[in-house]
Amino acid sequence: MTGLAVDIAFWTFAVAAAWFGWRVFRTDSMVRATFCLLASFLNVGAIMVLLLAEYLGVAMFFMMSVEMVVMAIFMVAFMMNPAGLNPMEMVHQPRAAIAVGIGAAVGLGVVAVVADLPPAALLDEAGTIRALGNELMGASMLLMEVVGVTLVATMVGAVVLSSASGRYGSADTGSVPPLLDPDDPDSRPDLVSADGEGDAHAGHGGHGGHGGHG
Amino acid sequence: MTIVTVLLASAVLLGLGTWGVLSQQSFVMIMMGFELAINGVMLAAAGVWRFTSGGEPRGQVLVIVAMLVMAVEAAIGFALVVAVYRARQQDTTEGIAELSR
Amino acid sequence: MTGELAAPHPVLGAVVVLGVLLVGTAIVTTADAVVADRVARRGLDLRASLVRPWRRIALSLVRPQPATERPDWGLWVLAPAAYVGMAAMAVSVLPLGTDWAVADVRTGIVVLGSAEVLAMVAVYLHGWAPNSPLSLVGAYRFVAAGLSFLLLSMFVLIAAALPAESMSLGRIVASQQEGAWNVLRQPLGLPLFLVVALSVSLHGPLDMADGTDLATGTVAESSGPARLAWEFGRRAMLTAYALATAVVFLAGPAGPVLPGWAWLAVKTVAVAVVLVWCGHRLGRIGIQRYVRIAWTVLLPLSFLHLAISGVAALA
């Protein structure tokens, strides 16, 4: 690819990444917000491919797509307006947040323009993936071990935090489910025991089989 | 595409993420803001690696570490959201302003 | 940026990818009709089973699209396009002849994996957009299945990359020509990858999104050209993954006498027929069983597969 094509592609991806990043917080539909964030990630991944960090760019596609699908499920579960059927404004300190956001972007932008970073082009453009692989499985092995252990700890931690039962009983002991109708105090559903999960539904396949054999 | 333009793009993403984190009330939306900010960080790391490192692979490793941060943030974040919701039926920062109820 | 295989001009490459998907879809559609008649022992009128699907397509073109209550039109239109696009992305990294591919990138297997994950996003959006309960159930069910089979796919592809010492699919074919075909070297990989192919292309017993048990799930509210576009996407995805199976396990274009593309076509059609036959012959599996089997049986098997392949590659 020539320099001009790379430049055009870079600006397209960069503007798209920023535009989708902005839409994340401005769209009413939570599913759209999630996939706007995914679009921002995909555009940054494409820029990484242009930067010849191809493995990282494509890995971004892979990892962020999975993460955003999971994110979408949580968005639908926790937000009151997942499909954006009503206009929604769930913000606090909006002016201060805008000021800080612009301040952060401008400050870092000034650093980017002013800082005198010594240029040092890639020595081996064709070998970036091989170099990364050798680094991960060689000099940075200890770091990758730490990454692995951290991820295992994360898995354990996430399960511990989110599981319904702990050592001293159910994690939601004493908590109260929300009202189904906010104005009606009698509409509180009964507490559901956490013990009912598992194979409770496994045996229901055989109903309605009368006369089916013959 | 130069180091300056890449860093400018990453600064915009980080600013947008910061704005999201500070302005949103819902935990899940705040997490999305963090992710957008880390997105900018990864772009900056990749740009610095590309233009100033001479191909030193540890620059790419830094991006992988940023991905790890994002994965941990997402997993633990969701777990905390679930735990808080289970205990308080709240999913916004205002909802857990008090330490006990 | 590219691996070893030559690449045509990008415009020509796009035409080739589209052509592969269209021809593959026609073959899959025909094979589906013929296999369905064979399995049902519905007489052996080959002409009738060849004509029937095309008549059905022509009929469906004139059906109007019903409107649901406040759907997300943007995503609804985007989803089939994205799904077809991911099939195209998968085809573009696969070698299509002995010495060329549309884009034999160095990160070939990761691109293949990304195509799968983004296809999951497309299926989810396709089920989400119509604002209809059965579609939404299909979407969620597919995400549960997707999070299970994606890991399988990644481990199987990594195992295939080990003897090639490269993530490029061109190198993976070359390493099979130098050594043995992966179907012999890595016998566990093929059945695992067929599970992935059936799942991601929404076919047969592993069709978690569009199953008839959900009144066709994500596609329940689509009719006319929209439905046709989605059905094209499913068959295009089956084509892409049959092609990927032929490349990764059957050495793709390698073979005597015939040119490379012909061998690839023969192997791809054979894999596609096996997949279609599975679709008509095997019973549907429930999502709970699917997820349980995927995580407790297939995933450990794929670990084992990866370990065996790694040791074999070192030996």
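The values are calculated or read from the model by the stated rules, or taken from the named source; none is laboratory data. What you see is a predicted model; the values in this text were computed from it and never measured. Every residue, glycine as well, gets a Cβ built from its backbone with ideal geometry; the counts of neighbours run over all protein chains shown.
On the basis of being in a helix (DSSP H, G or I), among the hydrophobic types (A, V, I, L, M, F, W, C) and either at pLDDT below 95 or closer than 29 Å to C:Gln176 by Cβ (or both), does C:Ala294 make the cut? For C:Ala294, the condition - in a helix (DSSP H, G or I), among the hydrophobic types (A, V, I, L, M, F, W, C) and either at pLDDT below 95 or closer than 29 Å to C:Gln176 by Cβ (or both) - is met.
Please work out which residue is nearest to the other protein chains (Cβ to nearest Cβ), limiting yourself to segment B:9-26 and to residues that are farther than 29 Å from A:Pro119 by Cβ and crowded, with 24+ Cβ neighbours inside 10 Å. So, considering only residues that are farther than 29 Å from A:Pro119 by Cβ and crowded, with 24+ Cβ neighbours inside 10 Å, the one nearest to the other protein chains (Cβ to nearest Cβ) is B:Trp19.
Of everything listed in (1) in contact with a Leu (Cβ under 9 Å, 6 or more places away or on another chain); (2) part of a helix (DSSP H, G or I); (3) over 30 Å from A:Asn86 (Cβ atoms), the single unmet condition for A:Leu52 is (2). Would you confirm whether any residue within segment A:1-15 is at pLDDT below 90 and not in a helix (DSSP H, G or I)? Checked segment A:1-15: at least one residue is at pLDDT below 90 and not in a helix (DSSP H, G or I). Does segment C:230-242 contain any residue that is touching a residue at least 40 places away in the same chain (Cβ under 8 Å), within 27 Å of C:Ala81 (Cβ to Cβ), out of contact with any Ser or Thr (no Cβ under 9 Å at 6 or more places or on another chain) and β-branched (Val, Ile, Thr)? No, every residue in segment C:230-242 fails to be touching a residue at least 40 places away in the same chain (Cβ under 8 Å), within 27 Å of C:Ala81 (Cβ to Cβ), out of contact with any Ser or Thr (no Cβ under 9 Å at 6 or more places or on another chain) and β-branched (Val, Ile, Thr). Do we have C:Leu250 as closer than 18 Å to C:Ala174 by Cα and surrounded by fewer than 22 Cβ atoms within 10 Å (Cβ to Cβ) here? It is false that C:Leu250 is closer than 18 Å to C:Ala174 by Cα and surrounded by fewer than 22 Cβ atoms within 10 Å (Cβ to Cβ). The condition (being within 21 Å of A:Phe61 (Cβ to Cβ), β-branched (Val, Ile, Thr), touching a residue at least 24 places away in the same chain (Cβ under 8 Å) and surrounded by 22 or more Cβ atoms within 10 Å (Cβ to Cβ)) is satisfied by just one residue among B:Val63, B:Val69, B:Val41, B:Val6: B:Val6.
In this structure, C:Val247 does satisfy being part of a helix (DSSP H, G or I), in contact with a Pro (Cβ under 9 Å, 6 or more places away or on another chain), in contact (Cβ under 8 Å) with a residue 12 or more places away in the chain and of a type in the set (Val, Ile, Thr). Of all positions in segment C:254-277, at least one carries a residue that is more than 12 Å from the chain's Cα centre (by Cα), farther than 22 Å from C:Gly127 by Cβ and crowded, with 24+ Cβ neighbours inside 10 Å.
If you go through segment A:106-117 and keep only what is at the interface with chain B (Cβ under 7 Å from one of its Cβ atoms) and either aliphatic (A, V, I, L, M) or closer than 19 Å to B:Leu62 by Cα (or both), you end up with A:Leu108, A:Ala112, A:Val113, A:Leu117.
Of all the criteria given as (1) in contact with a helix residue (DSSP H, G or I) (Cβ under 9 Å, 6 or more places away or on another chain); (2) at pLDDT 90 or above; (3) more than 24 Å from B:Trp19 (Cα to Cα), the one not satisfied by A:Gly103 is (3).
Residues considered: C:Ala129, C:Ala161, C:Ala174. Of these, the only one that is within 12 Å of chain A (Cβ to nearest Cβ) and either closer than 13 Å to C:His305 by Cα or surrounded by fewer than 24 Cβ atoms within 10 Å (Cβ to Cβ) (or both) is C:Ala161. Can you say whether A:Ala17 is crowded, with 23+ Cβ neighbours inside 10 Å, of a type outside the set (Lys, Arg) and within 7 Å of chain B (Cβ to nearest Cβ), as far as the supplied structure shows? Here the answer is yes, as A:Ala17 does meet what is asked. The set of residues in segment A:124-146 that are more than 14 Å from B:Arg58 (Cβ to Cβ) and either at the interface with chain B (Cβ under 7 Å from one of its Cβ atoms) or modelled with pLDDT under 90 (or both) comprises A:Asp124, A:Glu125, A:Ala126, A:Gly127, A:Ile129, A:Arg130. Applying the criterion of being more than 7 Å from every other protein chain (Cβ to nearest Cβ) and aliphatic (A, V, I, L, M) to the residues of segment A:43-67, the residue that is farthest from the chain's Cα centre (by Cα) is A:Val49.
Of the residues in segment A:74-92, none is of a type in the set (Gly, Ala, Ser), part of a helix (DSSP H, G or I) and surrounded by 20 or more Cβ atoms within 10 Å (Cβ to Cβ).
When segment C:278-312 is filtered for residues that are surrounded by 14 or more Cβ atoms within 10 Å (Cβ to Cβ), small (Gly, Ala, Ser) and under 17 Å from C:Leu194 (Cα atoms), the ones remaining, listed by number, are C:Gly279, C:Ala294, C:Ser302.
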